[in-house]
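Inspection log for the structure reproduced underneath, given as structure tokens.
Only the coordinates and a few stated rules stand behind these numbers; no lab work does. The structure presented is a predicted model; accordingly, all values stated were derived computationally and were not measured. Counting neighbours? That spans all protein chains shown, and the Cβs are built from the backbone with ideal geometry, glycine included.
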Amino acid sequence: MTAYLLGRLGQSVLAVGCVLILVFFMVRLTGDPAVLMVSRDATAAEVDAFRTAMGFDRPWAVQFAEFLGRAVRGDFGRSLQYQSSAWGLIVERLPATLELAVAGLLFAVLVGVPLGILAATRPNSVWDALAQGVSLLAQALPAYWVGLVLIIVLSVKLGLLPVAGRSGFASLVMPMVTLGLGVLGRLTQLTRAVMLDVLHQDYVRTAHSKGLGPGAVHYRHALGNAAIPLVTLIGVNFGYMLGGAVLIESVFSWPGVGRLAAQAIFQRDFPLVQAVAFFASLVVVTVNLATDLAYGLLNPAVRRQ
Amino acid sequence: MKRRHVRLVVALAVLALGGTLREASAQPRGTLTIGIPTDVTTLDPTMSPEVNSLNVAFSVMEPLLYLDPAGNVKPLLAESWQVVNDTTYLFKLRRGVTFHNGEPFTGKAVETSWKRSQEKQRANRQPFGSIGRIEHVDDYTIRIVTEKPDPTFLKKMANVAAAIFPPKFLAEQGDEGATQRPVGTGPFVFAEWVKGDHATFKANPKYYLPGVPKVQTLVWRFIPESAARVAALQTGQVDIALRIPPQQVAPLERDPNLKVSSALSTRTYYIAFNNLTTGKGTPIVDPRVRIAMNLGTDIQGIIKSIYAGNAQRVNSLIGNVQFGYDPTLLPMPYDPAKAKQLLAEAGVPSGFKVGLACPSGAYTNDKEACQAIAGSLQQIGIEVDVQIMESNHFWDLEAKKQLPPLFFDGVGDRYQDPDEPMKGILTPDSNWTAFDKKEFTDMIAKGGSTVDPEQRKKTYAQLARAMQADPPFIFLWQVKNFEGVRKRVQGYTTRPNESMGHLPFDVSVTD
């Protein structure tokens with residue numbers, strides 16, 4: 001297990017390193033930040049002066065060496081727009097992103113999994129049809145549209161929830177539902193499929209014949225064995241949600257990392273783009289590692305490898 | 001009524017009246033929330049040329065002068081001033097003003113702020129390019145000498161990019177302090193900034209003008225998505241919503257709790273002709289071809305179909321709301337027959353093919369406008385190849401003069417004066433210029449080299465006519481800018497240049 005973990009850690013470090021190199025060079029290939037950041041009435045001479053003052057005219061190798069030297073110390077430099085620590089800006093927005101991602105995931109899991117189990121335990125019934133219908137709709141409806149419709153109905157028409165910003169649970173409801181909807185749909189479908197498989201196993205029949213109630217049979221015994229594919233789905237999507245759900249954050253003006261990243265990219269804020277790329281790759285790699293560990297916990301066979 | 005009762009009633013009446021009078025003596029009350037369309041990245045006015053960030057900074061910081069709704073320059077931190085000659089100004093500064101951190105406001109603060117604003121890495125150093133030197137006559141009197149005559153100098157000094165910072169604060173907290181926790185002399189004091197969400201300011205109890213500001217708390221909410229911004233206005237989460245797309249105005253006009261406010265934006269749109277690089281050797285070098293393209297574009301029709309009539313034609317690149325605009329010069333007419341005739345004279349009777357670059361999402365309906373213009377030109381035989389690009393990439397190529405011979409863009413201006421925008425798009429040393437003609441460069445220089453308004457008006461009228469005779473652009477339009485305001489807000493007006501400097505002086509809320 002230790003060897004396995006160490007191997008996975010090594011792979012992760014390599015992955016993050018490659019992402020950083022790619023991002024550094026690709027960002028500079030798309031254009032000149034000086035022109036973009038200076039007022040549009042500036043003369044060519046003033047743009048040149050700005051470029052020199054900011055160090056954009058130095059050879060890329062020099063800029064990269066400096067970048068790497070500071071990155072290993074956790075210093076990604078100052079955001080060109082905000083004039084404060086790039087990494088600090090991400091850390092500032094992290095609670096908002098975490099809140100939304102966790103809430104969205106919990107919503108998807110707490111609604112999607114029981115719905116899938118319901119469908120699997122009553123196959124071909126009206127519940128099954130309902131669950132499959134919900135699952136399809138949840139995956140098919142575009143998040144942007146769902147978000148705006150929710151705003152129109154719940155905020156403008158009914159006046160129940162605030163439209164924009166982050167200010168307590170009421171402001172979390174709509175973004176959470178919109179973000180979690182897609183995952184909910186996929187989770188319902190997957191849970192149903194996996195449970196159908198498991199429910200026909202001998203040990204489930206044994207559990208029933210022992211006199212255990214459906215709760216214990218389905219949740220404690222069956223679900224445990226069905227869990228691995230579900231954990232994979234949850235892990236992958238959680239990593240994605242944490243990386244920053246730009247669309248949801250834009251529609252609801254949620255102050256998370258996603259919007260920060262989009263802004264940094266459009267404004268060619270190099271230090272911030274690099275910091276965000278590092279953050280996103282770190283998140284994905286960590287969540288994948290955690291998912292692998294979860295397998296070990298759920299399935300002893302994996303541990304023994 | 002018994003006499004005792006009469007006395008009681010009179011006493012109560014007097015108390016009630018006194019109470020009302022005290023209320024009317026303008027204590028700041030209530031909270032005003034404004035929904036803005038961009039994510040503010042800095043509260044330091046020297047580092048952000050974007051108008052919304054500048055407006056937020058305006059809550060806290062002040063320049064020496066102030067522009068009233070009619071565009072006249074009024075005193076603010078400068079009590080009075082004297083234009084000594086074409087290049088010299090004498091300012092008498094207001095006494096007894098302190099910054100929010102207790103530092104005194106003096107001529108020294110003015111000099112420190114301006115020296116800082118002129119540093120090479122300041123994105124917004126443009127307004128100070130013309131200052132040559134500052135002389136201190138005494139603590140509260142300064143003399144400013146500009147390098148050459150600058151007709152917009154006073155207007156520049158009324159822009160928040162010329163705001164005054166406290167010197168000790170700058171020395172101790174530097175750029176980071178100025179960006180994150182600004183301190184100024186303004187009617188509001190900085191309270192908090194939750195990035196990506198909102199910024200809050202509280203009324204300054206020690207502000208030097210009585211009755212200002214009129215609201216106790218000012219909140220700026222960042223809502224980039226326009227549908228969400230409109231929804232927030234409808235639910236009352238914001239009291240004022242800026243930059244409402246024209247298609248979303250109708251339901252707001254029907255809402256009894258809202259009023260829609262609009263003003264013609266100072267941003268003027270055009271199709272630029274390139275005679276410097278990619279346009280060389282193509283038919284557009286001939287002025288007759290360019291006149292033909294102006295006559296062959298059905299601009300009024302496009303305004304009706306794409307902008308639902310919410311735009312106004314311009315007769316040249318000097319816009320309707322700018323100083324020096326000549327209303328006696330009519331916009332070039334729509335005359336496709338004459339256009340075809342001119343093309344024949346120029347040797348291209350059956351038209352020609354030309355590329356037109358267009359930014360995507362930078363301006364309202366930019367793509368649609370480009371395609372409509374191409375459609376119009378098609379009717380006179382010109383085959384326009386519309387190339388739509390992501391806006392930052394587009395501006396990058398524009399600055400490098402690598403765009404096709406035609407491109408669509410807009411030029412804004414902060415001071416409602418043609419000097420800066422004309423220099424920015426029609427003189428050879430600007431990045432954004434694609435057309436060079438000495439006659440234009442000379443006239444623009446002439447307009448900018450004197451402070452005499454009558455002389456300048458004459459020069460700009462001449463320039464407008466010269467531009468129609470040998471067009472460097474297809475002259476398009478200025479678009480109406482819509483804003484939504486809830487009924488509880490009093491005294492708010494939309495400014496053509498989107499400036500909100502008047503907010504603390506004019507705007508109050510009922511309830």
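Out of A:ASN225, A:GLY213, A:ILE151, whose Cα points farthest toward the positive end of the dipole of the stretch A:92-291 (charges: +1 Lys, Arg; -1 Asp, Glu; placed on Cβ)?
With unit charges placed on the Cβ atoms, the residue in question is A:GLY213.
Taking a ≥ b ≥ c as the square roots of the Cα gyration tensor eigenvalues, with a/c under 1.5 meaning rounded and otherwise prolate when a/b beats b/c, else oblate, which class fits chain B? Don't skip to the end; give the middle numbers.
Values: a/c = 2.20, a/b = 1.56, b/c = 1.41.
The shape class here is prolate.
Kirkwood Rh, the stretch A:131-205, all Cα pairs: how many Å?
When all Cα pairs of the stretch A:131-205 are included, the Kirkwood radius is 14.2 Å.
Output ³J(HN,Hα) for the stretch B:222-239: one whole-Hz value per residue in order, computed from phi by the Karplus curve 6.51 cos²θ - 1.76 cosθ + 1.60 with θ = phi - 60°, and x for Gly and Pro.
Computed from phi, the couplings for the stretch B:222-239 are 9, 10, x, 7, 5, 5, 5, 5, 5, 4, 5, 5, 5, 7, x, 5, 10, 8 Hz.
Could you give the size of the charge dipole of chain B about its Cα centre, using +1 on the Cβ of each K and R and -1 on the Cβ of each D and E, expressed in debye and rounded to the nearest 20?
For this selection, approximately 1800 debye.
In degrees between 0 and 90, to the nearest 10, how far off the longest principal axis of chain B does helix B:336-345 point, with axes built from Cα atoms?
50
Whole-Hz Karplus ³J(HN,Hα) for the stretch B:278-290, in order, using 6.51 cos²θ - 1.76 cosθ + 1.60 and θ = phi - 60°, x for Gly and Pro?
Here the 3J(HN,Hα) series is 5, x, 4, x, 9, x, 6, 5, 6, x, 5, 5, 5 Hz.
Please state the shape class of the stretch B:402-452: rounded when a/c is under 1.5, otherwise prolate if a/b exceeds b/c and oblate if not, all from the C-alpha gyration tensor.
oblate
For A:VAL62 and A:ASP128 in the same chain, what is the full-extension length gain: residue separation times 0.36 nm, less their Cα-Cα distance, in nm?
Computed gain between A:VAL62 and A:ASP128 is 17.6 nm.
Farthest toward the dipole's positive end in the protein assembly as shown, which of B:GLY355, B:ALA311, A:VAL62, given Cβ charges of +1 (Lys, Arg) and -1 (Asp, Glu) about the Cα centre?
Of the options given, the answer is B:ALA311.
If amide H atoms are built 1.01 Å from N in the plane of the peptide, which residues on other chains or at least 5 residues away come under 5 Å of the amide H of B:VAL189?
B:LYS202, B:ALA203, B:ASN204
For the protein assembly as shown, place one equal point scatterer on every Cα, skip the solvent, and apply the Debye formula. What is log10 of I(q)/I(0) at q = 0.08 Å⁻¹?
Here log10 of I(q) over I(0) equals -0.82.
Would you mind giving the mean number of other chain beta-carbons within 10 Å of the Cβ of each residue in A:160-169, as a whole number? Before the final figure, lay out each step's value.
Details: counts 1, 2, 5, 16, 15, 12, 4, 4, 0, 0.
Mean partner shielding for this stretch: 6.
Which of the three applies to chain A, rounded, prolate or oblate, going by the alpha-carbon gyration tensor with a ≥ b ≥ c and a/c under 1.5 meaning rounded?
oblate
Would you list which aspartates and glutamates come within 14 Å of B:LYS438, measuring only between C-alpha atoms, while excluding same-chain residues fewer than 8 positions from it?
Of all the aspartates and glutamates, those that pass the test against B:LYS438 - Cα under 14 Å, at least 8 places apart if same chain - are B:ASP429, B:ASP470.
With a 4.7 Å Cβ cut-off, tell me which Cys residues in the protein assembly as shown come up empty for a partner.
If one checks each Cβ against the other cysteines of the protein assembly as shown, A:CYS18 turn up with nothing under 4.7 Å.
Step through the residues of the stretch B:368-380 one at a time and calculate ³J(HN,Hα) from phi using the Karplus curve (6.51 cos²θ - 1.76 cosθ + 1.60, θ = phi - 60°), rounding each to whole Hz and writing x for Gly and Pro.
5, 4, 4, 5, 5, 4, 4, x, 4, 5, 4, 5, 9
Given the pairs B:LYS202/B:LYS487; B:LYS155/B:LYS480; B:LYS437/B:LYS457; B:LYS259/B:LYS304; B:LYS156/B:LYS487; A:LYS157/B:LYS304, which are separated by over 27 angstrom at their Cα positions?
B:LYS156/B:LYS487; A:LYS157/B:LYS304
To the nearest 20 debye, what is the magnitude of the charge dipole of the protein assembly as shown about its Cα centre, counting +1 on the Cβ of each Lys and Arg and -1 on the Cβ of each Asp and Glu?
Dipole about the Cα centre, nearest 20: 2140 debye.
Below 8 Å between Cα atoms, with a sequence gap of 6+, how large is the relative contact order for the stretch B:230-380 in percent?
23
In debye, nearest 20: dipole of the stretch A:92-291 around its Cα centre with unit charges on the Cβ of K, R (+) and D, E (-)?
So the dipole magnitude of the stretch A:92-291 works out to roughly 240 debye.
Amide H neighbours of B:SER261 under 5 Å, counting only residues 5+ apart in sequence or on other chains, H built in-plane at 1.01 Å?
Distant-sequence amide H within range of B:SER261: B:GLU483, B:GLY484, B:VAL485.
Tell me the net charge near B:PRO405. Cut-off is 12 Å between Cβ atoms, B:PRO405 excluded, with +1 for each Lys or Arg and -1 for each Asp or Glu.
+3
Compute the acute angle (0 to 90°) between the alpha-carbon long axis of helix B:167-180 and the principal axis of greatest extent of the alpha-carbon atoms of chain B; round to the nearest 10°.
The helix B:167-180 is inclined about 60 degrees to chain B.
Quote the FRET efficiency, to the nearest 0.05, computed for A:MET26 versus A:ALA193 with a Förster distance R0 of 41 Å and r equal to the Cβ-Cβ distance.
After rounding to 0.05, the efficiency reads 0.55.
Pairs of Cα atoms under 8 Å, at least six residues apart: use those to get the relative contact order of chain B, whole percent.
For chain B, the relative contact order is 20 percent.
How long, wide and thick is the stretch A:150-305, going by the Cα atoms along their three principal axes, in whole angstroms, largest first?
Cα spread of the stretch A:150-305 along its principal axes, largest to smallest: 62, 46, 23 Å.
Please list, or write none, the aspartates and glutamates whose alpha carbon is within less than 13 Å of the alpha carbon of B:LYS280, excluding same-chain residues fewer than 8 places away.
B:ASP436
Would you mind calculating the relative contact order of the stretch A:92-291 from Cα pairs under 8 angstrom and at least 6 residues apart, reporting the percent as a whole number?
Details: 237 pairs, mean separation 57.9, N = 200.
Here the relative contact order equals 29 percent.
Out of residues 5 or more away from B:VAL386 or on other chains, whose amide H comes under 5 Å of its own, with H placed 1.01 Å from N in the peptide plane?
Placed amide hydrogens put B:LEU356 under 5 Å from B:VAL386.
Take each complete run of DSSP H in chain A, measure how far its Cα atoms stretch along the helix's own axis, and keep only those covering 20 Å or more with mean Kyte-Doolittle hydropathy at least 0.0; list them.
Helices meeting the criterion: A:2-29, A:86-121, A:126-140, A:169-199, A:223-243, A:270-298.
Checking the cross-link filter: which lysines have an alpha carbon closer than 21 Å to that of B:LYS340, excluding same-chain neighbours under 8 positions apart?
B:LYS353
What do you get for trypsin sites (Lys or Arg not before Pro) in the stretch B:173-261 restricted to DSSP loop and a cutoff of at most 14 other Cβ within 10 Å of the site's Cβ?
When the trypsin sites (Lys or Arg not before Pro) of the stretch B:173-261 are filtered for loop state and at most 14 Cβ neighbours within 10 Å, B:LYS206 remain.
Using the Cα atoms of the stretch B:396-511 to build a convex hull, what is its mean projected area in square nanometres?
Average of the hull's projected areas for the stretch B:396-511 equals 10.0 nm².
Can you list, largest first and rounded to whole Å, the semi-axes you get for the stretch B:361-443 by taking the square root of 5 times each eigenvalue of its Cα gyration tensor?
Working: eigenvalues 117, 51, 38 Å².
Each semi-axis is √(5λ); the values are 24, 16, 14 Å.
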